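Worksheet for the structure shown next.
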Amino acid sequence: MITSMKLTEENQQEATVLLSEKSSMFKDCSAASLALIVSKLELFQFARGEKFLEQGVASEYMYLMSEGEVLRYREESGVEHQVDISPGGIEQAPIKAASPSRTLKNSTVDSSRSSSVSTHRIVEQVDPNQHLATINSMHYLRGDPAYSSAVCTSTICKAYALSQSQFMDTLSTRPPLAAEIITSLQKEVREQKNALRTPFLELKNRKDINIPAVSVAAAIESYYRSALNAMLNARLLGTKAAFFPNMHVQVPARVVYINGFKGMRAFLDRNVRPEEYTHPNVIRCTAAVGPGILMNPISSVLEASNAGHKNPESMSKRWMRGFVPRAVREVIFGIGLNQLSDWFEERWTPYLTSKSMANAVGSLSAGVIAGYLSHVPHNLSAYKLMEPHRTYGEHFRRFIDASAPDHIVPKSLPPRLRSYARMTLAVLFPRGCMIRTTQIVGSFMILNGTIGYLARLDQDRINRAFGESSSVPVVE
């Protein structure tokens, strides 16, 4: 339960320091103005798990954090983002209040399960003089909806609160205060850039999967993927094949495959709470890796559909060829399609003009990384699928010969060193790398772009039905 306490003399001194050093609104106010504001403050105490600010709901108070750990998060399009406000969008360390032992932290939390949340985020201290201890200062003046939610995650949290009515009364009784606040905010605007910056693997997709949108995107992407797969296999093996073989198998399998990736990610984000475990990062990694492993059998059926021209085995045998390296590839694909694409989209959003552009550039960035990292396991799985009678050792040597021929390494080097050099060059610059990377980049952009576009159309339809209009929120 939220409790209110009377300010002691020590509290008043602490509040004065916080207002002058940690509040973007009051840091340039005179001593007389600060004393007047302090006289209007209330001291609130929150227990662990209490949410004192709700995104989209107007709040009567501005909060000046004094003690405890607070998590701030904002939901956009069903995805929870960590709120981070700093010059140039740089991630900030825990904010130090007046007491050296007190900190204010920003992170992502699910309020319904926040009673056992513990933060493990460690980032570099960029600037000890940041003015980030004030919450909701930019929205409560006119009763605007709060930009983000805030919840206490330590045993107790204490905050000095200034109500809207008390603040407006103070402005009317001391006219110079308005000019002092304007000066403070002008300086802050010059140096501050607002950004949503969530640590990798901590982005949470809270929205339900839009199965029709995902299915349409997967059906479109299946043709692109099939054509690029045929080109890549021709590059690796020197044998041309049809661009669109067995599409009656590939299209439905791809629809199930992509829905599986997106659906499992949404299910795990809604139901798995890494913060509740002793090793939350292990749980996050497990949740990120799981969809790739579980969808590998369907991927194997898709790959086998492209290999009939080289491997005459029946589908019941063929789909198992190259299963293990393909699982590694699918893990990389799944993390790239889900977490890495969202992570890059969040980073690009402040610099681009539209959500669609941020989605496209984020997918492109993730595709480049996922395509490059997945190339070696893809090659091994493709070789094994096409020529199952050879061992993985033989296929890897063939991969090295194709990617780093003997003549590119100086013959003056010792034989063992030449062998290691060729192996390194083959892994770093594998044959067909550009085709594979182009395939993954295109797949990510088609899938994420189509899903995002159809979801926005659906949301716009809902907004029109309820007579709502979109607006660009302001961060405080």
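The values are calculated or read from the model by the stated rules, or taken from the named source; none is laboratory data. Quick caveat: nothing in here was measured; it's all calculated off a predicted structure. Note that we place each Cβ from the backbone using ideal geometry, even for glycine, and neighbour counts take in every protein chain shown. SASA here: full protein model, heavy atoms, side chains in, ligands and nucleic acids out. Shrake-Rupley method; radii C 1.70, N 1.55, O 1.52, S 1.80 Å.
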_Hits in the stretch 310-331 - residues which are surrounded by fewer than 21 Cβ atoms within 10 Å (Cβ to Cβ) and in a loop (DSSP other than H, G, I, E, B)_ = 310, 311, 312, 313, 314, 320
*asked:* Pairs needed: first member in the stretch 333-348, assigned to a helix (DSSP H, G or I); second member anywhere, of a type in the set (Val, Ile, Thr); C-beta distance under 6 Å; at least 6 residues apart or different chains.
replied: 348/361
*Given the conditions (1) part of a helix (DSSP H, G or I); (2) over 18 Å from residue 323 (Cα atoms); (3) without any contact (Cβ under 8 Å) to a residue 40 or more places away in the chain; (4) not hydrophobic (A, V, I, L, M, F, W, C), report the number of the one that residue 372 does not fulfil.*
(3)
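From the list 389, 407, exactly one residue is of a type outside the set (Ser, Thr, Tyr), out of contact with any helix residue (DSSP H, G or I) (no Cβ under 6 Å at 6 or more places or on another chain) and modelled with pLDDT under 90. Which is it?
Values: 389 fails: modelled with pLDDT under 90.
Only one candidate qualifies: 407.
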*Of all residues in the stretch 137-167, how many are modelled with pLDDT of 85 or more, under 21 Å from residue 14 (Cα atoms) and in a loop (DSSP other than H, G, I, E, B)?*
2
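May I ask you to list the residues in the stretch 281-296 that are under 30 Å from residue 239 (Cα atoms) and open to solvent by less than 50 Å² (accessible area, probe 1.4 Å)?
Result: 292, 295, 296.
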*Would you call residue 23 within 36 Å of the chain's Cα centre (by Cα) and at pLDDT below 85?*
yes
*Please specify each residue of the stretch 334-359 satisfying the condition of being more than 28 Å from residue 297 (Cα to Cα), open to solvent by 30 Å² or more (accessible area, probe 1.4 Å) and aliphatic (A, V, I, L, M).*
352, 357
*Scan the stretch 227-245 for residues that are polar (S, T, N, Q) and either open to solvent by 30 Å² or more (accessible area, probe 1.4 Å) or more than 11 Å from residue 443 (Cβ to Cβ) (or both) and jot them down.*
233, 239
*Of the conditions (1) in contact (Cβ under 8 Å) with a residue 40 or more places away in the chain; (2) surrounded by fewer than 19 Cβ atoms within 10 Å (Cβ to Cβ); (3) assigned to a loop (DSSP other than H, G, I, E, B); (4) not aromatic (Phe, Trp, Tyr), residue 389 clears all except one; give me its number.*
(1)
*With 33, 39 as the choices, which residue is among the hydroxyl-bearing types (Ser, Thr, Tyr), more than 33 Å from the chain's Cα centre (by Cα) and open to solvent by 60 Å² or more (accessible area, probe 1.4 Å)?*
39
*Consider residue 47 carefully, then state whether it is open to solvent by 30 Å² or more (accessible area, probe 1.4 Å) and within 33 Å of the chain's Cα centre (by Cα).*
yes
_Spans of strands (runs of 3 or more DSSP E) in the stretch 1-70 with at least 2 residues under 17 Å from residue 184 (Cα atoms)_ = 61-67
_Quick check on the stretch 427-438. Is at least one of its residues open to solvent by 60 Å² or more (accessible area, probe 1.4 Å), touching a residue at least 24 places away in the same chain (Cβ under 8 Å) and of a type in the set (Lys, Arg)?_
yes
_For a quick check of your reading of the model, give me the residue pairs whose first member lies in the stretch 392-408 and is among the acidic types (Asp, Glu) and surrounded by 13 or more Cβ atoms within 10 Å (Cβ to Cβ), whose second is modelled with pLDDT of 90 or more and part of a helix (DSSP H, G or I), with beta-carbon atoms closer than 8 Å and at least 6 apart or on different chains._
none
*In the stretch 262-279, is there at least one residue being in a helix (DSSP H, G or I), without any contact (Cβ under 8 Å) to a residue 40 or more places away in the chain and exposed (fewer than 15 other Cβ atoms within 10 Å of the Cβ)?*
yes
